[in-house]
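Only one structure is covered here, and it is reproduced in the block below.
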Amino acid sequence: MDTGSSLSWMQCKPCVIYCHSQADPVFDPSASSTYSKLSCATPECSSLKAATLNDPACEADSNACIYTASYGDASYSIGYLGKDVLNLSPAAGSGSQQRFTFGCGQDNQGLFGRAAGILGLARDKLSFLSQLLQVASNGFSYCLPTATPAASSSGGGYLSLGSSALSSLPYKFTPMLTDPKNPSLYFLDLTAITVAGKPLPVSPDSYRVPTILDSGTVITRIPAAAYTALQAAVVKAVSGKFAQAPAYSILETCFKGKLSEMAAAVPRVGLVFRGGAGLDLLPRNLLVEVPEDGITCLGFAKSPTIAIIANRQQQTVNVAYDVANSRIGFAPGGCH
């Protein structure tokens, strides 16, 4: 489930080049009487460039439309663009069954875990939401479970569509913004980061970069000045009890030990957005454990020109996208 991309795709047999191991059986389009490939002459194929930032290709013998979906961590999926019937739960009402355009992946490489594919929740016209306007025009909400569910009693995650998805919890809202350069993404204003209830000692201008809310990115990026101040606060709190360790990939601030051992030592960190909405980060939202290396790292990286509020920091928080009223809400307390 990815609010940072628009094209939905799933792994499909015969997996001509590569399919990774997934939790459920791989979809077999030949076993579906309602599935059809789309040709390069279709409007959907012409829309791929806007949805994926990659040009479509055409299969020489069949003129079938071929998509490429690529991601910031170098993961990608390549396959046929097709249509099939999408069935939603009865609660979706009259729009619970309709034709749905998606990618049928034949070469799927990268960090997808055991997921069958990607559900694109951004705002391009090929996205899941744009195709389901009758059901989801007002908005949607979701809650992401922890990466290690056993560590939490928050239960599994969910995705809910339509106006009913926006009214069941006491959300605190912040304006939903749009960037003309990236109109399909969801932006908001990050105004401060707090540690133990106090704002980091940085200029308010430090936060004046575009900030994307993206459930498909793993690690949150923040401006360099804010990262340096947050890093100093975490090191001060933790380093007296846990030895520092070398950096791991883009994670610069690491310590030797388990997340569960460090939980009591780390300060409470909050992300504050315009209007007072925010994310209060529990230790499992703040830190990332790397068990094979015996280390735990601060789950943030620095970025000079953009900020991204990513998957880790959203876990076990109910997040509402009130599209009709251009606002985004947060309700803590586990997935309900």
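Here are a few things to note about the model shown:
- The chain - charge dipole about Cα centre, Lys and Arg +1 at Cβ, Asp and Glu -1, debye rounded to 20: 900
- Taking the chain as a Gaussian network of alpha-carbon nodes connected by springs under 10 Å, the highest mean-square fluctuation of the residues S33, S203, S326 belongs to S33.
- Long-range tail of P(r) for the chain (Cα pairs > 36 Å, %): 23
- Taking Cα centre as origin and charging only the Cβ of basic (Lys, Arg, +1) and acidic (Asp, Glu, -1) residues, the dipole magnitude of segment 5-147 rounds to 300 debye.
- At full extension, D205 and L88 could sit 37.7 nm farther apart than now, given 0.36 nm per residue minus the alpha carbon distance.
- Taking the Cα centre of segment 97-251 as origin and assigning +1 to Lys and Arg Cβ atoms and -1 to Asp and Glu Cβ atoms, the resulting dipole is close to 220 debye.
- Packing, taken as the mean count of other beta carbons within 10 Å per residue, orders the peptides 124-132, 188-196 from highest to lowest as 124-132, 188-196.
- Taking only the Cα atoms of segment 193-251, the radius of gyration and Dmax are 13.3, 36 Å.
- Estimated Rh, segment 145-331: Kirkwood, alpha-carbon pairs, angstrom: 17.2
- Selected from T174, T146, S130, residue furthest toward positive end of dipole (the chain; charges at beta carbon): T174
- Reported to the nearest whole Å, the Cα centre-to-centre distance from segment 187-235 to segment 245-278 is 12.
- Helix 224-238 axis, angle to the chain major axis (alpha carbon atoms, nearest 10°): 60
- Using distinct alpha-carbon pairs, which all enter the 1/r mean, Kirkwood radius of segment 20-116 in Å: 14.7
- Extension gain for the segment T228 to Q134, taken as residue separation times 0.36 nm less the Cα-Cα distance, is 29.3 nm to one decimal.
- Compared with the alpha-carbon gap, the fully stretched path from H336 to E261 is longer by 24.2 nm at 0.36 nm per residue.
- Charge dipole of the chain about the Cα centre (unit charges at C-beta), most positive-ward option of A263, A23, I308: A263
Read-outs: derived from the displayed coordinates by stated rules, not from any lab. Bear in mind that the values here come from a model prediction, so they are computed numbers and not experimental data. All Cβ positions, glycine included, derive from the backbone under ideal geometry; neighbour counts span all protein chains shown.
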